[in-house]
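Engineer: Sharing a structure below in structure tokens format, with a few things to ask.
The values are calculated or read from the model by the stated rules, or taken from the named source; none is laboratory data. Since this is a predicted model, take the numbers as computed values, not measurements. Cβ coordinates were reconstructed from backbone atoms using ideal geometry, including for glycine residues, and neighbour counts include every protein chain displayed.
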């Protein structure tokens with residue numbers, strides 16, 4: 001997994017419900033943990049665009065509901081700054097479900113809505129199913 005070029009402000013924390021933007025069967029997850037997050041004891045873990053999270057499916061198909069899934073955050077409402085000085089923010093918080101994290105392979109075949117460029121840099125296979133990259 002590559003590092004990000006942008007200084008992403010962490011705008012989502014553990015316990016947040018996030019919309020799923022692909023056709024994997026899940027509609028909404030609640031974030032349980034953030035992969036690779038290190039901080040002070042008892043502090044809620046935070047994540048932003050391009051971060052890998054573990055979530056519990058709260059809304060979705062009956063076969064996927066109440067399971068744990070690994071996801072990547074593709075959009076966040078909190079504005080973050082890119083190297084060229086542009087600030088980027090989206091209308092909603094959204095993630096996509098990953099099938100194989102080591103390869104960076106998504107589970108779905110279509111992503112609804114835009115995807116941040118920082119996610120594409122870190123996970124190149126998402127480019128195949130993304131309709132719009134911002």
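Engineer: Against the condition touching a strand residue (DSSP E or B) at 6+ places or on another chain (Cβ under 9 Å) and assigned to a strand (DSSP E or B), how does residue 83 come out, does it pass?
Structural biologist: The answer is no for residue 83.
Engineer: Looking only at the stretch 97-134, count every residue that is touching a helix residue (DSSP H, G or I) at 6+ places or on another chain (Cβ under 7 Å), closer than 17 Å to residue 35 by Cβ and surrounded by 15 or more Cβ atoms within 10 Å (Cβ to Cβ) and tell me the total.
Structural biologist: Adding up the residues that qualify gives 4.
Engineer: Something else: Among the residues in the stretch 43-50, are any touching a strand residue (DSSP E or B) at 6+ places or on another chain (Cβ under 8 Å), farther than 21 Å from residue 111 by Cβ, in a strand (DSSP E or B) and in contact (Cβ under 8 Å) with a residue 24 or more places away in the chain? So that I can check it myself, show each step before the final result.
Structural biologist: Residues of the stretch 43-50 that are touching a strand residue (DSSP E or B) at 6+ places or on another chain (Cβ under 8 Å), as a first pass: 44-50.
From what's left, farther than 21 Å from residue 111 by Cβ: 44-46.
Add one more test, that the residue is in a strand (DSSP E or B), and what stays is 46.
From what's left, in contact (Cβ under 8 Å) with a residue 24 or more places away in the chain: 46.
Checking the stretch 43-50: at least one residue is touching a strand residue (DSSP E or B) at 6+ places or on another chain (Cβ under 8 Å), farther than 21 Å from residue 111 by Cβ, in a strand (DSSP E or B) and in contact (Cβ under 8 Å) with a residue 24 or more places away in the chain.
Engineer: If you don't mind, another one. Mind telling me which of the residues 19, 58, 27, 99 ends up being in contact with a strand residue (DSSP E or B) (Cβ under 8 Å, 6 or more places away or on another chain), assigned to a strand (DSSP E or B) and modelled with pLDDT under 95? Write out each step before concluding.
Structural biologist: Numbers: 19 fails: modelled with pLDDT under 95; 58 fails: modelled with pLDDT under 95; 27 fails: modelled with pLDDT under 95.
Going through 19, 58, 27, 99 in turn, the sole match is 99.
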